[in-house]
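Asker: Please see the structure below; I have some questions.
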Amino acid sequence: MLTIKNLTVAYAATPVFTDVAVTFPAGKITGIIGPNGAGKSTLIKAILGLIKVASGTVAYNDQPVQAMRKRIAYVEQRKDLDLTFPIDVLAVVMTGTYAKLGLFRNPGVAERQASLAALAQVGLSEFAHRQIGQLSGGQLQRVFVARAMVQEADIVILDEPFVGIDLPSEAAIMAILQAWRAAGKTIIVVHHDLNKVTTYFDELVIMNHGIIAAGPVAEVYTARNLTAAFSADLANVLFTPAEATS
Ligand SMILES: Nc1ncnc2c1ncn2[C@@H]1O[C@H](COP(=O)(O)OP(=O)(O)OP(=O)(O)O)[C@@H](O)[C@H]1O
């Protein structure tokens, strides 16, 4: 279980959120939702140690997360990636094995085989030697899921993995997340499509410059919480009038 306590993050002097406490259980898929600018990416960057936090702790099974960064896989937003770098798909997937190998060992036959197997699992075997910049958005997303697979991390964090991809690609990625869940990993997904929340996630964190609500989806995905995070208009679209007032 990933446990966050008293977390405060600010860019310059403006806090994005203050004193946040939330847990992400193992063996569950947890969605994080909230409006644009709510602090979702900031929260996961704080977990990953990619930004400086003003205060607070992030621990995995009571160990400070800083000590086990290698155990976290991160599938970042595609808009954040530089795709002009000349590297082929297989080489990108193999970078997922570096954390396990450490500084002084290069990937060998075993890592290559594992990477090819991961590419087969995401349905991209035929693209192994294609340049990374020559893939479609959905193919690219599956490459980064394959990279996370070979990393064999305990925690997998995905930032908007379903944006701009077709339904078969989305279903393929979801099937992999479900396999990770069955293996007891902690899976965290920043997500925008509210229609899928109740089918995709076990747990839900609703944010808007802080935590509006967190816990099992059935308890947290309510008109009241969505109104608090987004707007009454949105809750009215997603819920019947009876549900919206309950
Ligand atoms: N590097 C930065 N420097 C200054 N402010 C930033 C920086 N990154 C994000 N912010 C601000 O912090 C707030 C939270 O941003 P964040 O990216 O965490 O939101 P988000 O919930 O992931 O949004 P979105 O759904 O639009 O991706 C926003 O107001 C944003 O403008």
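The values are calculated or read from the model by the stated rules, or taken from the named source; none is laboratory data. No experiment lies behind these values; they were computed from the predicted model shown. Here the Cβ positions follow ideal geometry from the backbone for every residue, glycine too, while neighbour counts run over all protein chains shown. When the accessible area is computed, the model is the full protein with side chains, heavy atoms only, and any ligands, DNA or RNA have been set aside. Shrake-Rupley method; radii C 1.70, N 1.55, O 1.52, S 1.80 Å.
Asker: Restricting to segment 14-32, what's the tally of residues that are in contact (Cβ under 8 Å) with a residue 12 or more places away in the chain, open to solvent by 50 Å² or more (accessible area, probe 1.4 Å) and among the hydroxyl-bearing types (Ser, Thr, Tyr)?
Answerer: Summing the residues that are in contact (Cβ under 8 Å) with a residue 12 or more places away in the chain, open to solvent by 50 Å² or more (accessible area, probe 1.4 Å) and among the hydroxyl-bearing types (Ser, Thr, Tyr) in segment 14-32 gives 2.
Asker: Could you tell me whether segment 148-161 includes any residue that is of a type in the set (D, E, K, R), modelled with pLDDT under 90 and either touching a Gly at 6+ places or on another chain (Cβ under 6 Å) or open to solvent by 40 Å² or more (accessible area, probe 1.4 Å) (or both)?
Answerer: Of segment 148-161, the ones of a type in the set (D, E, K, R) are 152, 154, 159-160.
From what's left, modelled with pLDDT under 90: 152.
Applying the additional criterion that residues be either touching a Gly at 6+ places or on another chain (Cβ under 6 Å) or open to solvent by 40 Å² or more (accessible area, probe 1.4 Å) (or both) yields 152.
Within segment 148-161, one or more residues are of a type in the set (D, E, K, R), modelled with pLDDT under 90 and either touching a Gly at 6+ places or on another chain (Cβ under 6 Å) or open to solvent by 40 Å² or more (accessible area, probe 1.4 Å) (or both).
Asker: Return a yes/no flag: does segment 162-174 have any residue that is surrounded by fewer than 20 Cβ atoms within 10 Å (Cβ to Cβ), touching a residue at least 40 places away in the same chain (Cβ under 8 Å), of a type in the set (Val, Ile, Thr) and not in a strand (DSSP E or B).
Answerer: Checked against the condition, which is being surrounded by fewer than 20 Cβ atoms within 10 Å (Cβ to Cβ), touching a residue at least 40 places away in the same chain (Cβ under 8 Å), of a type in the set (Val, Ile, Thr) and not in a strand (DSSP E or B), segment 162-174 yields at least one hit.
Asker: Which is touching a helix residue (DSSP H, G or I) at 6+ places or on another chain (Cβ under 6 Å), polar (S, T, N, Q) and surrounded by 15 or more Cβ atoms within 10 Å (Cβ to Cβ), of Asn208, Asn225?
Answerer: Working: Asn225 fails: touching a helix residue (DSSP H, G or I) at 6+ places or on another chain (Cβ under 6 Å).
Just one listed residue meets the conditions, Asn208.
Asker: Next question. Taking segment 81-126, which residues are of a type in the set (Asp, Glu) and either touching a residue at least 60 places away in the same chain (Cβ under 8 Å) or under 19 Å from Ala153 (Cα atoms) (or both)?
Answerer: Residues of segment 81-126 of a type in the set (Asp, Glu): 82, 88, 111, 126.
Glu111 - this is the single residue of segment 81-126 that is of a type in the set (Asp, Glu) and either touching a residue at least 60 places away in the same chain (Cβ under 8 Å) or under 19 Å from Ala153 (Cα atoms) (or both).
Asker: For segment 1-54, how many residues meet the condition of being closer than 22 Å to Glu160 by Cβ and small (Gly, Ala, Ser)?
Answerer: 8
Asker: Test Met174 against the stated conditions and say whether it is over 22 Å from Val205 (Cβ atoms) and either away from the ligand (no atom under 16 Å from the Cβ) or touching a strand residue (DSSP E or B) at 6+ places or on another chain (Cβ under 6 Å) (or both).
Answerer: No; evaluated as a whole, the condition is false for this residue.
Asker: Still on this model: Quick check, is Val197 part of a helix (DSSP H, G or I) and either without any contact (Cβ under 8 Å) to a residue 12 or more places away in the chain or surrounded by fewer than 17 Cβ atoms within 10 Å (Cβ to Cβ) (or both)?
Answerer: Against the criterion (part of a helix (DSSP H, G or I) and either without any contact (Cβ under 8 Å) to a residue 12 or more places away in the chain or surrounded by fewer than 17 Cβ atoms within 10 Å (Cβ to Cβ) (or both)), Val197 does not qualify.
Asker: List the number of the failed condition for Ala99; all other conditions in (1) open to solvent by 60 Å² or more (accessible area, probe 1.4 Å); (2) away from the ligand (no atom under 16 Å from the Cβ) hold.
Answerer: Of (1) open to solvent by 60 Å² or more (accessible area, probe 1.4 Å); (2) away from the ligand (no atom under 16 Å from the Cβ), only one is false for Ala99: (1).
Asker: I would also like to ask the following. Any residue in segment 55-68 that is closer than 13 Å to Val9 by Cβ sitting within a Cβ distance under 9 Å of a residue that is of a type in the set (Asp, Glu)? List the pairs, counting only those 6 or more apart or interchain.
Answerer: Final answer for the pair search is Ser55/Asp19; Gly56/Asp19.
Asker: Residues of segment 1-13 being more than 8 Å from the ligand (Cβ to nearest atom) and open to solvent by 10 Å² or more (accessible area, probe 1.4 Å), which ones?
Answerer: Listed by number, the residues that qualify are Met1, Thr3, Lys5, Asn6, Thr8, Ala10, Ala13.
Asker: Take segment 57-73 and flag every residue that is of a type outside the set (Lys, Arg) and surrounded by fewer than 17 Cβ atoms within 10 Å (Cβ to Cβ).
Answerer: Selection gives Thr57, Asn61, Asp62, Gln63, Pro64, Gln66, Ala67, Met68.
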